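Engineer: Quick one: the structure is below, and I'll ask about it shortly.
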Amino acid sequence: MKGKTRFYFCLIVVVFLGFLLTGFTYSFELDQIKILYYSRVSNNWDVYLIILDSNLNVTQQIRLTDQPCYDATPCWSPDGSKIAFESTYGGNNETWTMDIDGSNMEKTVIYQYKTRPQIWSQIHNKIYGYYGGTPEIPPGDQEVAEFDILTKTVIPLTFVPNYNTDGFDLYQNETKIVFARGLEGNGRTNNLFTADFISNGNDFQNIVQIPLSVSGIGYPKVSPNESRFVFSISSVTGIGIVNVDGSGYWAPISGAYWAAAPNWIDDNRIVLSYSETGPNPKLCVLDLRDLSIFALGTTTPEDYQPRVLHLKVVDVNIDIKPGIYPNSINLGSNGNVPVAILSDENFDASTVDPLSVRLAGAEVRIKGKGDPQANIEDVDGDGLIDIVVHVDTKALELSAEDTEAILTGETYDGIKFQGVDTVRIVNE
């Protein structure tokens, strides 16, 4: 945006709490929280979805798979419309995808060995997970890989002989990774590490071990505000939490029969697979404010690997009244305000659905034939195609004191985005 100050921000909306960050953000609808998990019913493993209200009461429990095989380890697509999961339906442990209602199941990766999904990238054609079972990787070991959905291929990211990676998570902008690793076949030796999420084909770069007084670590997850890690400890008999700089370690749960796969609901509450004294763990919530633990009340006999849907919102660059500065707006005008949504290396503005766009609450103008007033062009001369939309000035929900206007919208494939630019309210 020429001649203007750009404001880069990302507003994180979590249940009852917001934090300012850069990059991608987590957000919830306050009245609905969706959690995937898998369970065994009559020796048949299947993927389930539960929907909670804001008080964490289960309003729906839905069985998404019902096949005579092992369906497990589900993870969400960024927009929450699809699910990746591991299935032995084709005879091997392979990565499949399906719609949120369980329909349109499709084998995602064509690979002669085992694959297991863990994280669906913000870049829609990539899923990160594990591969193993190759002649070079013995039983009990699993390595991290990238699964390309378009080509259905596996791209190895790690190959560390004699060691096993036991759970990992990415920072929101996917430049950093936290992971657990220990000796092959011996989870008691697992320690916690961070690294740059860049691979030389054999391992991640700039690996740093976080010094802890416990081992047997697994299933690490980054908190929504990216200040802490949560993970299983002592071979899934407890839960540990540590600040990302390695300070402030504590264990809110220890000595349980089973405490595994913790996943943040928000910065105060964690859902996990938990049993205090015996087998058949259930989905439970740990509240870090008072250390209370309560079961969510699922009807399945045993519950594993909960995954909370955190809708990600992409931060984009916008230019209100392109080519003009300051962005003076007369709220009493009968005219319209143009705003450019700019493409960059991470965002293609030509995929924006104009009907989804709101600038300070104002919808895009509709022309006589019912089409939105929008056009595609390279606004900032960087060789990338941008989109310019127009909103009615009187529809803007701004006041004389406002100095910024926020734009929100979605792409045609459901990716939510938001941006901000300065405004100068005038009365002419």
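Engineer: Considering (1) within 22 Å of the chain's Cα centre (by Cα); (2) outside any strand (DSSP E or B), say which one Gly201 fails and leave the rest.
Structural biologist: Evaluating Gly201 over (1) within 22 Å of the chain's Cα centre (by Cα); (2) outside any strand (DSSP E or B) leaves (1) as the failure.
Engineer: Determine the pairs where a residue that is more than 18 Å from Glu276 (Cα to Cα) and in contact (Cβ under 8 Å) with a residue 12 or more places away in the chain, located within segment 226-245, has a partner that is among the β-branched types (Val, Ile, Thr) and outside any strand (DSSP E or B) with Cβ atoms under 9 Å apart, the partner being 6 or more residues away or on another chain.
Structural biologist: Final answer for the pair search is Glu226/Val244; Ser227/Val244; Arg228/Val244; Phe229/Val244.
Engineer: Going residue by residue through segment 333-354, is there one that turns out to be in a strand (DSSP E or B), polar (S, T, N, Q) and touching a residue at least 24 places away in the same chain (Cβ under 8 Å)? Can you show your working first?
Structural biologist: Within segment 333-354, the subset in a strand (DSSP E or B) is 336-342, 344, 347, 352.
Keeping just the survivors that are polar (S, T, N, Q) gives 336.
Now narrow it down to the ones that are touching a residue at least 24 places away in the same chain (Cβ under 8 Å): 336.
There is at least one residue in segment 333-354 that is in a strand (DSSP E or B), polar (S, T, N, Q) and touching a residue at least 24 places away in the same chain (Cβ under 8 Å).
Engineer: Further question: May I ask you to say which residue of Ile239, Ile253, Ile270 is closer than 15 Å to Gly218 by Cβ and over 25 Å from the mean Cα position of the chain (by Cα)?
Structural biologist: Result: Ile253 is the single residue among Ile239, Ile253, Ile270 that is closer than 15 Å to Gly218 by Cβ and over 25 Å from the mean Cα position of the chain (by Cα).
Engineer: May I pose another question? Which residue pairs have Cβ atoms closer than 6 Å, lie 6 or more positions apart in sequence or on different chains, and pair a first residue in segment 168-187 that is assigned to a strand (DSSP E or B) with a second residue that is crowded, with 18+ Cβ neighbours inside 10 Å and among the charged types (D, E, K, R)?
Structural biologist: Listed by first residue and then by second, the contacts come to Asp169/Lys221; Val178/Asp169; Ala180/Asp166.
Engineer: One residue is enough: does segment 360-368 have a residue meeting the conditions assigned by TED's automatic domain parsing to the domain that holds Ile341, of a type outside the set (A, V, I, L, M) and touching a residue at least 60 places away in the same chain (Cβ under 8 Å)?
Structural biologist: First, the residues of segment 360-368 that are assigned by TED's automatic domain parsing to the domain that holds Ile341: 360-368.
If we keep only those that are of a type outside the set (A, V, I, L, M) too, we end up with 361, 363, 365, 367-368.
Narrowing further to those that are touching a residue at least 60 places away in the same chain (Cβ under 8 Å): none.
No, segment 360-368 contains no residue that is assigned by TED's automatic domain parsing to the domain that holds Ile341, of a type outside the set (A, V, I, L, M) and touching a residue at least 60 places away in the same chain (Cβ under 8 Å).
Engineer: Return yes when Thr88 is in the same structural domain as Glu302 (by TED's automatic domain parsing), within 25 Å of Ile33 (Cα to Cα) and either surrounded by 23 or more Cβ atoms within 10 Å (Cβ to Cβ) or out of contact with any helix residue (DSSP H, G or I) (no Cβ under 7 Å at 6 or more places or on another chain) (or both) and no when it is not.
Structural biologist: Judged against the criteria, Thr88 is not a match.
Engineer: Another question, then. Filter segment 283-314 for residues that are of a type in the set (Asp, Glu), assigned to a loop (DSSP other than H, G, I, E, B) and without any contact (Cβ under 8 Å) to a residue 60 or more places away in the chain and give the result.
Structural biologist: Scanning segment 283-314 gives a single hit, Asp290.
Engineer: Which one of these is buried (at least 20 other Cβ atoms within 10 Å of the Cβ) and in contact with a His (Cβ under 8 Å, 6 or more places away or on another chain): Pro306, Pro224, Pro262? Before the answer, list the steps.
Structural biologist: Values: Pro306 fails: in contact with a His (Cβ under 8 Å, 6 or more places away or on another chain); Pro262 fails: in contact with a His (Cβ under 8 Å, 6 or more places away or on another chain).
Step by step, each of Pro306, Pro224, Pro262 is checked, and only Pro224 is buried (at least 20 other Cβ atoms within 10 Å of the Cβ) and in contact with a His (Cβ under 8 Å, 6 or more places away or on another chain).
The values are calculated or read from the model by the stated rules, or taken from the named source; none is laboratory data. From a predicted model like this one, the values you see are computed outputs, not experimental measurements. So basically every Cβ, Gly included, is an ideal-geometry build from the backbone, and we count neighbours across all protein chains shown.
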